[in-house]
1. Tell me which of these residue 71 doesn't satisfy, since it passes every other one: (1) open to solvent by 30 Å² or more (accessible area, probe 1.4 Å); (2) farther than 22 Å from residue 48 by Cα.
2. Testing residue 83 on (1) assigned to a helix (DSSP H, G or I); (2) surrounded by 14 or more Cβ atoms within 10 Å (Cβ to Cβ), one condition comes back false. Which one is that?
3. With the structure loaded, tell me whether residue 17 is among the aromatic types (Phe, Trp, Tyr), open to solvent by less than 70 Å² (accessible area, probe 1.4 Å) and closer than 24 Å to residue 85 by Cα or whether it fails that test.
4. Within the set of pairs 6+ apart or on separate chains, which have a first residue in region 91-109 that is over 17 Å from residue 47 (Cα atoms) and open to solvent by less than 20 Å² (accessible area, probe 1.4 Å), a second that is of a type in the set (Asp, Glu) and modelled with pLDDT of 90 or more, and C-beta atoms under 9 Å apart?
5. Being without any contact (Cβ under 8 Å) to a residue 24 or more places away in the chain and assigned to a helix (DSSP H, G or I) is the filter here; which residues of region 55-70 pass it?
6. Output yes when any residue across region 57-66 is of a type outside the set (A, V, I, L, M) and under 25 Å from residue 113 (Cα atoms), and no when none is.
Amino acid sequence: AIVMYILSLIAVYVIAFVAAKLAPMFGGADNMESALKLVAFGSTAAWVGGIFHIVPVLGVLSLLAAIYGIYLFYTGITPVMNVPSGRAIGYLIALIVTWVVIAIVIGLIVFAIVGTGAATGMGMM
């Protein structure tokens with residue numbers, strides 16, 4: 001759990017860096033501080049929703065929280081990163097792909113460190 005927590009904090013900064021560098025391609029501003037705000041804002045719902053994994057029956061609520069996190073990303077893209085609203089969907093898709101790749105890498109790292117069964121949750125998602 002400690003390794004996963006540390007790697008998820010590192011992931012926020014990595015994704016924020018990618019978000020800042022991708023923004024100009026979608027008409028936005030390359031601003032690391034704004035990107036960090038966007039990533040932290042959009043990720044909070046999924047992290048809080050992760051608590052529902054404690055009770056397996058409530059796992060679907062965690063999925064709903066992750067979907068709400070995607071909505072938060074979408075609503076924050078235009079005001080925070082200055083990406084025009086017409087290009088926000090493409091930017092959102094790029095960020096989601098980045099997030100999934102980072103989550104897979106983190107899962108593999110945790111699996112390599114801890115061993116079998118440790119990376120099955122990939123709590124980042």
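The values are calculated or read from the model by the stated rules, or taken from the named source; none is laboratory data. Bear in mind the structure is a predicted one, so any value in this text is a computation, not a measurement. We place every Cβ from the backbone using ideal geometry, glycine too, and count neighbours over all the protein chains shown. Each accessible area value is taken on the protein alone, full model and side chains, heavy atoms only, with ligands, DNA and RNA left out. Shrake-Rupley method; radii C 1.70, N 1.55, O 1.52, S 1.80 Å.
1. Unmet condition: (2).
2. Here residue 83 meets the rest and fails (1).
3. Numbers: among the aromatic types (Phe, Trp, Tyr): yes; open to solvent by less than 70 Å² (accessible area, probe 1.4 Å): no; closer than 24 Å to residue 85 by Cα: yes.
Spelling it out, it is not the case that residue 17 is among the aromatic types (Phe, Trp, Tyr), open to solvent by less than 70 Å² (accessible area, probe 1.4 Å) and closer than 24 Å to residue 85 by Cα.
4. Pairs that qualify, where the first residue is over 17 Å from residue 47 (Cα atoms) and open to solvent by less than 20 Å² (accessible area, probe 1.4 Å) and the partner is of a type in the set (Asp, Glu) and modelled with pLDDT of 90 or more: there are none.
5. Taking region 55-70 as the starting set, the residues that turn out to be without any contact (Cβ under 8 Å) to a residue 24 or more places away in the chain are 55-65, 67-68.
Within region 55-70, 56, 57, 58, 59, 60, 61, 62, 63, 64, 65, 67, 68 qualify.
6. Just the residues of region 57-66 that are of a type outside the set (A, V, I, L, M), to begin with: 59, 62.
Remaining after also requiring under 25 Å from residue 113 (Cα atoms): none.
No, region 57-66 contains no residue that is of a type outside the set (A, V, I, L, M) and under 25 Å from residue 113 (Cα atoms).
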